[in-house]
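The values are calculated or read from the model by the stated rules, or taken from the named source; none is laboratory data. This one's a predicted model, so the numbers in the text were calculated from it and none came from an experiment. For neighbour counting, all protein chains shown are included, and Cβ atoms are generated from backbone atoms with ideal geometry for every residue, glycine included.
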Amino acid sequence: MTAATADRQRRIAAIRRFNRFYTRQLGVLRKNFLDSPYSLAEARVLYEIASGQTPTASEIGRALDLDAGYLSRTLRNFERRGLIARKPSPRDARQSRLVLTGRGRRIFAPLQRRSQRQAGDMLGKLSAGEQARLVAAMATIEGLIETPAAVRPAPRGTFVLRTPRPGDFGWIVKRHAELYAQEYGWTAPFEGVCAQIVADFVNKHDAGRERCWIAEMDGKNVGSIMLAKETEKVARIRLLLVDPKARGLGLGARLTDECIRFARWAGYKKITLWTHRVLTVARHIYQQAGFKLKRSERHRSWGRPVVSEHWNLVL
């Protein structure tokens, strides 16, 4: 066995050891999850339905990577017990959206509390500094495992999302300044605002609760977005950008969805953002994602009169 092969085997053993450790910590191998009447898979299905997103069965199957037959039997069982109900989708009458009934919410509530308590007990054994290290390490694991699949070479003309590399934050500022000057006539102070946002994000970065995504197509950067911590309960979307060569592919919506997904995972209660009325495409993306316009104000900045807007999404 070569040294490289031996080293790889040690790493594989370490991953398997960690998997055994973590499944034991969470108790996922027990017949019933968190002393409830449900298995882990059943509890996860209930959690997806309780998320407030009124998912379809196919969306749950994709999110949890569940066998379609198993999921169908689980959902029928939940319906028989009066835990869930199906509602016609307003967008497609052929599809049904799943929601918890009143009985389902009452049954799910203690499961949610036990899960919260389990995580709280785990953190309670650690100091504040150790808790921060743990959350950052978990974010690192998630990012490293998800990123390789996300950045595999894609067919020409399609985009992939990845974490920033050296030089990407400078590119975000540069490309914002170039595009907004070309398309809206916004002058140098706007570039300064972008530079300050990026500097604050980089210098105060909280790895466990903040993320930046770079969109790449044919080996070139074509988009970006940041999710920054505003408060412990509120996150802020910053610097959504889609390059002209990548427009029309749904990239802006995908970047926004990534922020929302991560914000929920990180435990935020609300996402806020600041945009401008002239940015009609971005406004449409936010509306489609469920954001609500809270207030607007007129001012003259960057050489042009503008109407700025503040939007919120309750998670």
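Just checking, does the stretch 254-265 include any residue being of a type outside the set (Asp, Glu), assigned to a loop (DSSP other than H, G, I, E, B) and within 13 Å of the chain's Cα centre (by Cα)?
Applying the first criterion (of a type outside the set (Asp, Glu)) to the stretch 254-265 yields 254-256, 259-265.
When the remaining residues are screened for being assigned to a loop (DSSP other than H, G, I, E, B), the result is none.
Taking every residue of the stretch 254-265 in turn, none turns out to be of a type outside the set (Asp, Glu), assigned to a loop (DSSP other than H, G, I, E, B) and within 13 Å of the chain's Cα centre (by Cα).
Looking at the stretch 79-99, which of its residues are touching a helix residue (DSSP H, G or I) at 6+ places or on another chain (Cβ under 7 Å) and at pLDDT 90 or above?
82
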- prompt: Could we say that residue 297 is loosely packed, with under 14 Cβ neighbours inside 10 Å, within 18 Å of the chain's Cα centre (by Cα) and more than 21 Å from residue 169 (Cβ to Cβ) here?
  reply: no
statement: Output for Cβ contacts, cut-off 7 Å, separation at least six or different chains, first residue closer than 26 Å to residue 138 by Cα in the stretch 1-23, second at pLDDT below 75, reads 23/29
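Residues that are under 16 Å from the mean Cα position of the chain (by Cα) and not hydroxyl-bearing (Ser, Thr, Tyr): does the stretch 185-194 have at least one? Before the answer, list the steps.
Here is the first cut: in the stretch 185-194, the ones under 16 Å from the mean Cα position of the chain (by Cα) are none.
For the stretch 185-194, residues under 16 Å from the mean Cα position of the chain (by Cα) and not hydroxyl-bearing (Ser, Thr, Tyr): absent.
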- request: Could you grab me the full set of residues in the stretch 257-294 that are without any contact (Cβ under 8 Å) to a residue 24 or more places away in the chain, of a type in the set (A, V, I, L, M, F, W, C) and surrounded by fewer than 19 Cβ atoms within 10 Å (Cβ to Cβ)?
  value: 265, 279, 293
Scope the stretch 196-235; condition under 18 Å from residue 311 (Cβ atoms) and either of a type in the set (S, T, N, Q) or not assigned by TED's automatic domain parsing to the domain that holds residue 177 (or both); matching residues: 231
